[in-house]
Amino acid sequence: QVQLVESGGGLVQPGGSLRLSCAASGSIFSINAMGWFRQAPGNERELVAGLTGDRSTNYADSVKGRFTISRDNAKNTVYLQMNSLTPEDTAVYYCYAQIIPTGSVRPVEYWGQGTQVTVSS
């Protein structure tokens, strides 16, 4: 079994910063892509930032220049540094990872349980 555990969400004032973490654990052979989505009330889930196995990154236009995604391969962990937060960033943030489980040859997509980020004064 593979699971993703997120941490780092919370309440922050506009202009503040938060750092989200997502650790993958379990029977992992290799990890391809990792990244973050978010979903605000009444909205569809949207990609925030992604990081592929070759270190390529992509960001939603709304977060470019403010958010940075990074990964620690040794810890199977992906991070999302969020700066200059605005109320529009308020959402539940979900980690995802494309993982090849031990004993398998095909990648499987896994999701974290979600962590709430609220930006408010």
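Values as computed for the structure displayed
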{"quantity": "Single residue of Thr102, Thr68 found to be under 13 Å from Val2 (Cβ atoms), hydroxyl-bearing (Ser, Thr, Tyr) and open to solvent by 60 Å² or more (accessible area, probe 1.4 Å)", "calculated": "Thr102"}
{"quantity": "Condition broken by Ser84, with the remaining ones in (1) in a strand (DSSP E or B); (2) open to solvent by 50 Å² or more (accessible area, probe 1.4 Å); (3) touching a Lys or Arg at 6+ places or on another chain (Cβ under 6 Å) satisfied", "calculated": "(1)"}
{"quantity": "The stretch 100-120 residues that are over 11 Å from Ile31 (Cα atoms), paired with ones that are of a type in the set (Asp, Glu) and open to solvent by less than 60 Å² (accessible area, probe 1.4 Å) (beta carbon under 8 Å, 6 or more apart)", "calculated": "Gly112/Glu6; Gln113/Glu6; Gly114/Glu6; Thr115/Glu6; Val117/Asp89; Val119/Asp89"}
{"quantity": "Lone qualifier among Val5, Val78 - being outside any loop (DSSP other than H, G, I, E, B) and either at pLDDT below 95 or open to solvent by 50 Å² or more (accessible area, probe 1.4 Å) (or both)", "calculated": "Val5"}
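Residues are listed down the side, and each one gets a yes or a no for (1) at pLDDT 95 or above; (2) closer than 21 Å to Gln1 by Cα; (3) out of contact with any Asp or Glu (no Cβ under 6 Å at 6 or more places or on another chain); (4) among the aliphatic types (A, V, I, L, M):
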{"position": "Asp54", "(1), (2), (3), (4)": "no, no, yes, no"}
{"position": "Asp61", "(1), (2), (3), (4)": "yes, no, yes, no"}
{"position": "Thr86", "(1), (2), (3), (4)": "yes, no, yes, no"}
{"position": "Gly112", "(1), (2), (3), (4)": "yes, yes, no, no"}
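The values are calculated or read from the model by the stated rules, or taken from the named source; none is laboratory data. Here the structure is a predicted model, which means the values were calculated and not measured. In this analysis, Cβ positions are derived from the backbone assuming ideal geometry, glycine residues included, and neighbour counts consider all displayed protein chains. The area values use the complete protein model at the heavy-atom level, side chains included, leaving out ligands, DNA and RNA. Shrake-Rupley method; radii C 1.70, N 1.55, O 1.52, S 1.80 Å.
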